[in-house]
Protein chains: 2
Amino acid sequence: MKFPDKLDRIIVKNNSLLCIGLDPEIEKLSPRKGFSFTGKGESLLEFSKWIIDKTAKLVCAYKPNIAFFEAYGLEGLDQLKKIFLYLQNEYPQIPIILDAKRTDIANSAKMYAKSMFDYWGADATTVYPHLGLDSIEPFLSYINNYTFLLVKTSNLDSVTFQNLKTEKGPYYLALAKEIKKWDRKNIGIFVGATYPKELKGIREIFPDKILLSAGVGAQGADLERSVKAGVDKQKKGIIFNASRSIIYAQDPAKAAKNLRDEINKYRSI
Amino acid sequence: MKFPDKLDRIIVKNNSLLCIGLDPEIEKLSPRKGFSFTGKGESLLEFSKWIIDKTAKLVCAYKPNIAFFEAYGLEGLDQLKKIFLYLQNEYPQIPIILDAKRTDIANSAKMYAKSMFDYWGADATTVYPHLGLDSIEPFLSYINNYTFLLVKTSNLDSVTFQNLKTEKGPYYLALAKEIKKWDRKNIGIFVGATYPKELKGIREIFPDKILLSAGVGAQGADLERSVKAGVDKQKKGIIFNASRSIIYAQDPAKAAKNLRDEINKYRSI
């Protein structure tokens with residue numbers, strides 16, 4: 001099934017635009033009800049499975065950030081592989097966005113695309129647009145999969161370059177306008193929810209595209225503005241990711257339900 | 001030892017600015033004298049060791065591109081780990097630049113930096129500058145290691161965004177001028193050798209920084225222009241990477257020697 005169809009079904013089924021970022025840091029884990037953290041063995045895997053089981057009815061996607069597994073080398077990546085297998089077997093209806101931000105010239109990008117979609121079996125991934133279309137084509141050749149291009153990132157210093165004035169407007173808008181010309185179906189756009197004005201501008205350029213946004217939790221984005229700016233005419237078409245604010249909450253299920261419901265509240269206004 | 005010192009010693013010892021990119025593709029491998037390719041087992045490892053043994057006296061660095069190992073998942077990365085151990089044990093004087101282009105907001109970038117420098121033990125790595133300084137700090141905190149910021153990539157479509165006119169000149173130059181303000185010792189700059197004019201402009205902005213360049217082999221860059229544009233006042237300070245034109249040559253040692261010598265010829269003019 002194509003990513004947009006898979007996503008649309010689960011958005012409706014779980015009535016949710018919430019994506020949970022699986023970004024476990026060993027230093028931040030502690031024993032919890034139902035998760036017996038020992039600091040040994042496959043903590044990243046066990047913690048992620050615990051989060052998934054608690055939240056699977058509340059999300060429209062999971063987004064592991066591969067950095068948090070690579071930090072522990074092959075052992076960390078082995079656990080990520082098991083997380084993928086767990087999701088694919090137990091929750092096959094929930095899409096997995098592998099947040100890897102792999103970006104390189106075409107000869108190398110084709111190997112990254114092979115890794116993301118053939119090896120990991122991700123439904124979607126993230127890529128920077130700054131190298132131009134030839135570097136992105138290898139990802140787009142996987143027509144059932146989706147590639148989110150990071151047009152405006154959520155961090156403070158993203159303004160330095162991404163808001164630089166160019167002859168075609170601020171740089172992030174120049175990126176967006178050019179990407180629109182490429183007219184590809186399986187491109188999505190990432191905009192940090194910490195920049196609702198930019199999110200609004202991107203939604204105007206892409207009224208129908210699926211957007212991915214992050215920063216509505218720990219990074220402190222204004223949720224109401226972000227939701228209103230980001231949804232399409234059907235009051236969906238955007239995925240809001242939260243990581244730290246959910247996975248380290250005292251009760252992750254409650255935190256996820258609250259955030260899902262708050263997003264839904266602003267969707268309906 | 002700090003990366004610039006390690007690099008400087010081997011540049012002098014091997015009289016070389018040549019870096020070989022270890023980017024093996026299984027489909028392009030074939031049995032060679034001293035390399036009994038069967039298509040099974042650890043081909044990426046065996047091939048890379050064969051290339052390394054033939055060229056270790058001719059290079060100033062090796063640059064594995066992690067994409068070519070990730071494409072084969074954990075098995076590919078296990079072979080890359082063994083390549084690192086082989087280089088670190090047998091050729092400890094040769095720096096390893098892990099070309100991984102990992103770039104993310106600080107909370108994730110710190111995990112990527114941990115992976116690059118703690119887990120892999122790379123001497124240097126590559127990172128995109130487009131997210132701004134806060135995303136790069138986690139890499140720079142490893143003060144003995146070096147981070148090459150990709151200011152202008154070697155591909156054809158890099159012009160679309162990287163040469164976009166901004167209020168501070170073409171975007172790649174705006175990046176470079178801002179990076180200069182950061183005034184950090186362990187930042188290097190990557191510029192594709194396929195763009196000698198841009199390489200010249202970058203060298204003018206950074207008269208003393210170590211540059212990394214690629215495209216002098218299979219991508220067909222004009223070697224004479226690139227070398228003259230890229231060297232510093234001591235006729236060094238730049239690393240020229242070639243991958244496909246060396247590793248798939250009938251005689252990789254001969255191809256490496258020829259390219260090293262040709263670079264040296266233009267250095268001395």
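Only the coordinates and a few stated rules stand behind these numbers; no lab work does. The structure displayed is predicted, hence computed values, not measured ones. Positions of Cβ are backbone-derived with ideal geometry, glycine not excepted, and every protein chain shown enters the neighbour counts.
The table below lists the values:
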item: 5 angstrom amide H check on residue A:150, placed H, neighbours 5+ away; result: A:127, A:128, A:190
item: Within the protein assembly as shown, helix-based [θ] at 222 nm, where runs of 4 or more DSSP H residues each add -39,500 (n - 2.57), nearest 500; result: -13000 deg cm²/dmol
item: Karplus 3J(HN,Hα) series, Hz, for segment A:16-32 with 6.51 cos²θ - 1.76 cosθ + 1.60 (x for Gly, Pro); result: 8, 10, 8, 10, 9, x, 8, 10, x, 10, 3, 5, 9, 8, 8, x, 9
item: Charge sum, other residues only, whose C-beta stays under 11 Å from residue A:237's C-beta, Lys/Arg counted +1 and Asp/Glu -1; result: +3
item: Candidates B:101, B:114, B:233: whichever shows maximal mean-square fluctuation once chain B is modelled as a Gaussian network with Cα springs under 10 Å; result: B:233
item: Long-range HN-HN contacts of residue A:32 with modeled amide H, under 5 Å; result: A:37
item: Residue of A:50, A:182, A:120 that the Gaussian network model of chain A assigns the largest fluctuation, springs spanning Cα pairs under 10 Å; result: A:182
item: Peptide B:78-85, shielding by other chains (average Cβ, 10 Å cutoff); result: 1
item: Residue order, fewest to most beta carbons within 10 Å, for B:11, A:205, A:136; result: A:205, B:11, A:136
item: Isotropically averaged projected area of chain A, using the convex hull of Cα atoms (one quarter of hull area), nm²; result: 13.4 nm²
item: Choice from B:237, B:201, B:41 with maximal GNM fluctuation in chain B (Cα, 10 Å cutoff); result: B:41
item: Rounded to 5, percent antiparallel among DSSP beta bridges of segment B:3-268; result: 10 percent
item: Efficiency of FRET from Cβ geometry, residue B:1 and residue B:224, R₀ 30 Å, rounded to 0.05; result: 0.40
item: DSSP-defined beta bridges in the protein assembly as shown - what % are antiparallel, rounded to 5; result: 10 percent
item: Alpha-carbon centroid distance for the pair segment A:20-56 / segment B:68-85, whole angstrom; result: 27 Å
item: Likely footprinting exposure, A:72, B:112, A:86, fewest C-beta neighbours within 10 Å first; result: A:86, A:72, B:112
item: Normalised contact order of chain A, rounded percent, pairs of Cα under 8 Å and 6 or more residues apart; result: 20 percent
item: Contour minus Cα-Cα distance for residue B:254 and residue B:177 (0.36 nm per residue); result: 23.8 nm
item: Estimated distance in nm for a label pair at residue B:165 and residue B:262, the labels positioned 7 Å out from Cα along Cα-to-Cβ; result: 3.6 nm
item: Entries in B:49/B:257; B:181/B:209; B:2/B:63; A:49/A:81; A:200/A:233; A:63/A:180 that, when Cα-Cα distance is taken, lie over 21 Å; result: A:63/A:180
